[in-house]
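Single-structure report; data block below.
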Protein chains: 6
Amino acid sequence: MKRAIYPGSFDPITVGHIDIIQRVAGLFDELIVLVANSTSKKYLFSIDERKQLITDSLIDPKIKVESYEGLLADYARDHNAHIIVRGIRAVSDFEYEMTMANMNKKLNENLETVTVFADPNLNYISSSIIKEIAKLGGDLTTLTPPNVHEALVKKFNKGNN
Amino acid sequence: MKRAIYPGSFDPITVGHIDIIQRVAGLFDELIVLVANSTSKKYLFSIDERKQLITDSLIDPKIKVESYEGLLADYARDHNAHIIVRGIRAVSDFEYEMTMANMNKKLNENLETVTVFADPNLNYISSSIIKEIAKLGGDLTTLTPPNVHEALVKKFNKGNN
Amino acid sequence: MKRAIYPGSFDPITVGHIDIIQRVAGLFDELIVLVANSTSKKYLFSIDERKQLITDSLIDPKIKVESYEGLLADYARDHNAHIIVRGIRAVSDFEYEMTMANMNKKLNENLETVTVFADPNLNYISSSIIKEIAKLGGDLTTLTPPNVHEALVKKFNKGNN
Amino acid sequence: MKRAIYPGSFDPITVGHIDIIQRVAGLFDELIVLVANSTSKKYLFSIDERKQLITDSLIDPKIKVESYEGLLADYARDHNAHIIVRGIRAVSDFEYEMTMANMNKKLNENLETVTVFADPNLNYISSSIIKEIAKLGGDLTTLTPPNVHEALVKKFNKGNN
Amino acid sequence: MKRAIYPGSFDPITVGHIDIIQRVAGLFDELIVLVANSTSKKYLFSIDERKQLITDSLIDPKIKVESYEGLLADYARDHNAHIIVRGIRAVSDFEYEMTMANMNKKLNENLETVTVFADPNLNYISSSIIKEIAKLGGDLTTLTPPNVHEALVKKFNKGNN
Amino acid sequence: MKRAIYPGSFDPITVGHIDIIQRVAGLFDELIVLVANSTSKKYLFSIDERKQLITDSLIDPKIKVESYEGLLADYARDHNAHIIVRGIRAVSDFEYEMTMANMNKKLNENLETVTVFADPNLNYISSSIIKEIAKLGGDLTTLTPPNVHEALVKKFNKGNN
């Protein structure tokens, strides 16, 4: 069985992430959307919130949502997954992903990273820009799934009171 | 009337910024140098200091110096400006500006971003490198306007006492 | 009066070119779409065909379609135009345009080059890829204006007979 | 069944191509190494020679070697393949592949392009550099498979007599 | 005498740094590995630890290990060194190094920066990725010199208790 | 003795080349400006003309001007030179040079490539753009050494008669 991992912070999931998940899900028998939880990063949403926002945005039974705290290369070995999937939007993404792919292969020689190009229409969308717009009160209705929109509004209103 | 906005942090204004302002001012009827004041960023100079340093460096009556705290796309709509101007020094700038231009058009469909290339002679000058050199006591006489030089010396001497 | 030049080979004009012309026309009092005719390049369409395809694709009276054979910097000086407009799709475009902008300013110090980013939806469209698809019999109905489509079909059918 | 296409000129196949084929073959049920034969390109090796050099370098029964002359997007549709695989070595490759992937999706909406990063050890190897070295009499023993080495020596010796 | 400086944070030294030092040492009469100690950066290892880890990794008497806190351009002037050496792994490194080289020449006109390309095999190795892997308990035996490996294990075990 | 090679087509030598030669000559005991003469390239100037234009532009006795037709890696081995010097102007140069440096090291393990950044003021100058301007009758007085200027005028006038 071909099991692939789509790792990320997903803080929060964007329409760019969803587009990539939907495009690559068909290529594999199982796709794990794997939410990173690093002790050295600050997230807007908790690990449970981030997982829930993903689960609510997807309905394909082939897609599982999991989280991890250690090395991705170890997680893949432990869960018998040999493929990492990543989306690339720009040259700066490309160099970062190439470095990570080479390092992950060094740490786990059975781990192959495949990349797909972000939809040009969604190329300028990232979790960080979405959070910045939400914080400044911008209109996100066409930029995020409704559940994420609602969560962002709640988060920033709460913060302001 | 063609009103354009040249947005930035200007912490502090550099000879690179001044060069771009002088080159593009003639292209439009009015140019607003718009100083960003984000609550999530730490600045060396206060918003009033940054505006004053710009005002003291420019003398063209067509150029106004303003500040804002919200979304640039909203500011442009509220002030009837349809053009954003940005300078580009390098490939990494280019990708960032493309992302921002696409997002700003998504948030305000009447907003066009035009870019000009930094003067090759000034290509290596940025606010952050100027601050770093000032902090380490380097000679800035040929790298900043005199008023900015003086402000930097004052700021870092004060910090050291 | 602010007169700008949008130079290129336009062999043939694409929807990417048309998008940029429509976006920048409003920024200037007059826009000259300037068709290069270099003796060292081989074109699919003659200079008259290329000009006609542009004229048929645009209807704004502010836009003029002209051609030239010499140095762009000289043409601009002779026609009292101080602005060159170029669209940028990718990092490789960016570096080429920066080089040309710097050289053009060296040859004509009153000449400023401003660039706009290609629409992400049209980012992958270029004259050369359109010609390649036409040659291989691909479907161009959504990729080119109808008059260009017709001209390409005629050109390649003629070539095959 | 998941059928993927690995297209290219393969003039001639390199150890970089072979590495990518071996790494991705396991991801799909069938992999077609598809040799482009464009009437507008000049090749060192004929289409039959190029196919033979590939066939002799690979032994996996899941891998087929085919050729085509038309549009890749049409070939994929006609052969019920929904995946294109490409290797990327550098930023310049990246931008070209992104353009082609977007265009191929426009021409065939069921066609997904996935990319893998070239092995850093093989990053500087390309068909064109191999041919240049062969032409200048350089030592290729560690840079190409033995059959390709032999074919190159034969080709350039013949040319010199 | 040709004295060159190889500056960096070396927090900690990696096999990538060691490879560059060994390759360039032969080009000059003396090479100073110069460890930056900036008050505005947080390091994992103290300045003395970083110097010791370098000294323990190298044995060539032509190589000296020093530290500094001010401007690199001033250090070079004070120590009669006219050459800075830097390794480049990627496009993003390249633009940063070009900016720094131009600025350093502006601050000290006798200072030339020369760069060498990182070994492709070590291209994905950086101090920061090594620290991240160490922190997450990954296997570093083939990624760092033994003394650095030991120091990292000690540092993170200490941190966890 | 440290002997370095600065290879190129030099068709013709530019002020960019001369700047790099003058900056790096001091780093080595001997610098060979090595003019490539490839049978598969078309040059404007013959190999003798190109060598003469270089010789007339330089006066440092440490600098020799030579030509070669084979592999650079072999030339270096035969002439006991272990260093190749190259100037880099842009990201696209960077990737090409990295590929060539890695390949040259593969072909000759004792051959190290060091690069310097082009002077930002000369960044947009290349042999090909100089030839294009000369061909179109542009003013080259500030863009090339006088002897090259004269040679270009002679070449293109001859061609036009």
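The values are calculated or read from the model by the stated rules, or taken from the named source; none is laboratory data. No experiment lies behind these values; they were computed from the predicted model shown. Here the Cβ is made from the backbone with ideal geometry for all residues, glycine too, and neighbour counts use every protein chain on show. SASA here: full protein model, heavy atoms, side chains in, ligands and nucleic acids out. Shrake-Rupley method; radii C 1.70, N 1.55, O 1.52, S 1.80 Å.
Put simply, chains B and C cover up around 2200 Å² of each other's accessible surface, both sides summed, when a 1.4 Å probe is used. The label-point distance for F:LYS154 and A:GLU49, in a model that sets each label 7 Å from Cα toward Cβ, rounds to 7.6 nm. Does anything in segment A:21-57 have its amide N under 20 Å from the 7 Å Cα→Cβ label point of E:LYS42, and if so which residues? Backbone N within reach: A:37-45.
Find the accessible area per residue for segment F:70-152; the probe is 1.4 Å, ligands and nucleic acids are left out, and the unit is Å². Provide the component values of the computation, followed by the final result.
Values: 3180 Å² over 83 residues.
It amounts to 38 Å² per residue over segment F:70-152.
Rounded to the nearest 0.05, what FRET efficiency is calculated for D:ASP56 and F:TYR96 with R0 set to 35 Å and r the Cβ-Cβ distance? Let's see the in-between values first.
On the way: r = 31 Å, r/R0 = 0.89.
Efficiency computed from Cβ-Cβ geometry: 0.65.
Proximity of backbone amide H atoms, modeled 1.01 Å from N, is registered between F:GLY87 and F:VAL116 at under 5 Å, excluding neighbours fewer than 5 places apart on the same chain. The calculated FRET efficiency for A:SER128 paired with A:ARG3, based on their beta-carbon distance and R0 = 25 Å, is about 0.30. Taking the longest Cα principal axis of chain F as reference, the axis of helix F:91-107 is set at about 40 degrees. The dipole here belongs to segment B:3-123: it is taken about the Cα centre, uses +1 on the Cβ of Lys and Arg and -1 on the Cβ of Asp and Glu, and is about 120 debye.
What does the C-alpha gyration tensor say about the overall shape of the protein assembly as shown? Classify as rounded when a/c is under 1.5, otherwise prolate if a/b is larger than b/c, or oblate.
rounded
Per residue of peptide F:139-145, the mean number of Cβ atoms on other chains within 10 Å of the residue Cβ is 2. Taking the Cα centre of segment B:45-93 as reference, the dipole from Cβ charges on Lys and Arg (+1) and Asp and Glu (-1) amounts to some 220 debye.
Check each of the trypsin sites (Lys or Arg not before Pro) in segment A:48-93 and keep only those in coil by DSSP with at most 15 other C-beta atoms within 10 angstrom; list them in order.
Working: sites: A:ARG50, A:LYS51, A:LYS62, A:LYS64, A:ARG77, A:ARG86, A:ARG89; in loops: A:LYS62, A:ARG89.
Those satisfying the criteria are A:LYS62.
When only alpha carbons are used to place a centre, segment E:100-120 and segment C:76-119 end up 29 Å from one another.
Determine the shape class of segment B:27-161: with a ≥ b ≥ c the square roots of the Cα gyration tensor eigenvalues, call it rounded for a/c under 1.5, and otherwise prolate if a/b is greater than b/c, oblate otherwise.
On the way: a/c = 1.83, a/b = 1.63, b/c = 1.12.
Prolate.
For chain D, a Gaussian network of Cα nodes joined below 10 Å ranks D:ASP56, D:ASP78, D:ASP119 by mean-square fluctuation, and the top entry is D:ASP78. Quick one: with all protein chains in place, what share of the accessible area of segment E:1-127 is carbon or sulfur, to the nearest percent (1.4 Å probe)? Here carbon and sulfur together make up 47 percent of the probe-accessible area.
Comment: the Cα-to-Cβ extended label point of E:HIS82, at 7 Å, lies 2.2, 4.4, 5.8, 5.8, 6.5 nm from its counterparts in the other copies, nearest first. Between D:SER67 and D:VAL35, the built amide H atoms are under 5 Å apart, and every one of these is 5 or more places off in sequence or on another chain. Coupling constants for segment C:73-89 follow from the phi torsions by the Karplus curve (6.51 cos²θ - 1.76 cosθ + 1.60, θ = phi - 60°), and in residue order they are 4, 6, 4, 4, 4, 5, 10, 6, 10, 10, 10, 10, 10, 9, x, 10, 9 Hz; glycine and proline get x.
Remark: C-alpha extents of segment F:59-123 on the principal axes read 36, 33, 19 Å, sorted largest to smallest. In nanometres and ascending order, the distances from the F:LYS41 label point to those of the other copies are 2.3, 2.3, 3.9, 4.5, 4.6 (point 7 Å from Cα along Cα→Cβ).
Per Stokes-Einstein, at 37 °C and 0.692 mPa s, what whole-number D in µm² s⁻¹ belongs to segment C:9-77, with the Kirkwood radius over Cα pairs as the hydrodynamic radius?
Working: Rh = 12.7 Å.
Diffusion coefficient, whole number: 259 µm²/s.
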